[in-house]
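Note sheet for the following structure.
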Amino acid sequence: MGVALRDIIADCKETLDLDALKGVAAIDAHNALYQFLSIIRQPDGTPLMNAEGQVTSHLTGILFRTANFVEKGIKPVYIFDGTPPTFKQETLDQRREVRTRAGNAWKEALAVGDIAEAYKQASASARVDAYVIETAQELLGLLGIPWVQAPSEGEAQAAHMAGKGSVQFAVSQDYDSLLFGSPVLVRNLTVSGRRRVRGRTITVSPERIVLANLLDYLGVSREELIEIALLTGTDYHPGVRGVGAKTALKLVRNGEFESTVAEKLPDFDPASIREFFLAPPVTDDYNLSWSAPDTDGVVAMLSGRFDFSPERVEGALEKLSVKAKQQTLDQWF
DNA sequence: CTTCCGTA
DNA sequence: TACGGAAGG
């Protein structure tokens, strides 16, 4: 998923307190929904579901995380993907293949009673489908949280909105929004700060990456950062086999991007992907407004249709309502 | 993931 | 209050 720039970005990220982050956050909806669907499961991999068997893991995730963000002074806007570029098709096909295999491996692990393996494979089989997207958008609407339909990649739209100043930062676990020119990316934007890794619980803090600082630190331009990504591999092309971010950085700094492509990838014309990162399809047709939650509507949806405990739902809604009342009408609505 | 509850 | 583990739907 995304571009593997971690190795050259590690030294340029600043960890910070959730309380230090204020303002409007453009959230990569697909990334958030995928995380919820893959992680919010029982130990054997079964996702949370209502009595009808409809998955609810993503709705739990949105409800509690949104309530916490708003309480902390972060106003979220969720950005949904539109039509992917044609050159992403191979990657999308591969992911579907991986999910299908994981789904089968999940059943096999259950059959032999390997619970840990079952959870791992179930996580890998998670899919953000039309049902997930529709119910997520319905819930956001009832919560009074805006969302934007991107014409193409959500991270590109988020970057565009951050560049214009409509939002203060983009939120995703992937680094792609930096390639699309987002001035600020925030990763690990969670409230609990706890994450299970191989059975252990570790604490993770939000981390902020400022594009200008990153480019300055690496000594490259954004165009060159894109070249590094093209060599390393993106969602749109696998890149050069055996070349990671550090090697790619060296090559690009030495001005060897073109020659490396000519030598190692003679059939690859990077022009269209480079152009896509530099000027992706985006829209200015959006209106960001936050409103008080439709309490009855949320309870009707989550408790009425999806079997959530009314007490828990109301507890989360309280955080949203309190904040909406605290703000002057001007600031919040 | 986040909440909630038991334990120290 | 702090932490670990179970539950949530």
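The values are calculated or read from the model by the stated rules, or taken from the named source; none is laboratory data. These figures come from a predicted structure and were not determined experimentally. Here the Cβ positions follow ideal geometry from the backbone for every residue, glycine too, while neighbour counts run over all protein chains shown. What goes into the accessible areas is simple: the full protein's heavy atoms, side chains included, and nothing from ligands, DNA or RNA. Shrake-Rupley method; radii C 1.70, N 1.55, O 1.52, S 1.80 Å.
Of note:
- Cut-off 11 Å between beta-carbons: net charge of the residues surrounding A:Ala316, Lys and Arg +1, Asp and Glu -1: -1
- Rounded to the nearest 500, the 222 nm mean residue ellipticity of chain A from helices alone is -14500 deg cm²/dmol, with -39,500 (n - 2.57) taken per DSSP H run of at least 4 residues.
- Shape category assigned to the range A:219-279 from the gyration tensor of Cα positions, a/c cut at 1.5: rounded
- Across the range A:75-86, coupling constants 3J(HN,Hα) worked out from phi with the 6.51/-1.76/1.60 Karplus curve, θ = phi - 60°, read 9, x, 10, 8, 10, 9, 5, x, 7, x, x, 4 Hz, and Gly and Pro carry x.
- For the range A:9-154, dividing the convex hull volume of the Cα atoms by the residue count gives 155 Å³ per residue.
- Were the residues from A:Gln173 through A:Asp7 laid out at 0.36 nm apart, the gain over their Cα-Cα distance would be 58.3 nm.
- Among the trypsin sites (Lys or Arg not before Pro) in the range A:232-307, those placed in a DSSP loop whose Cβ has at most 14 other Cβ atoms within 10 Å are A:Arg241.
- Ratio of Rg to Rh for the range A:275-326: 1.27 [Cα atoms; Kirkwood radius as inverse mean 1/r over pairs].
- Take every Cα pair under 8 Å whose residues are at least 6 apart in sequence, average their separation, divide by the length of the range A:1-216, and the relative contact order is 29 percent.
- If the segment from A:Thr201 to A:Phe87 were pulled out straight at 0.36 nm per residue, it would be longer than the present Cα-Cα gap by 37.2 nm.
- Ordering of A:180-188, A:54-62, A:203-211 by burial proxy (mean other Cβ atoms within 10 Å per residue, highest first): A:180-188, A:54-62, A:203-211
- Solvent-accessible heavy-atom area per residue, rounded to whole Å², over chain A at 1.4 Å: 48
- Portion, in percent, of the accessible area of chain A that falls on carbon or sulfur, probe 1.4 Å: 49
- Chain A: angle of helix A:154-164 to the longest principal axis, Cα-based, in degrees nearest 10: 90
- From the C-alpha gyration tensor of the range A:235-333, square roots of 5λ in Å: 52, 19, 14
- For the range A:201-246, the Rg and Dmax computed from alpha carbons only, in angstrom: 13.6, 39
- By DSSP, the beta bridges lying fully in chain A are antiparallel in about 50 percent of cases.
- Between A:Lys325 and A:Lys246, the contour length at 0.36 nm per residue exceeds the Cα-Cα span by 23.5 nm.
- Scattering profile of the range A:128-241 at q = 0.09, 0.12, 0.19, 0.23 Å⁻¹ [log10 I(q)/I(0), Debye over alpha-carbon scatterers]: -0.32, -0.58, -1.19, -1.29
- Rounded to whole Å, the principal axis extents of the Cα atoms in chain A read 62, 58, 36, largest first.
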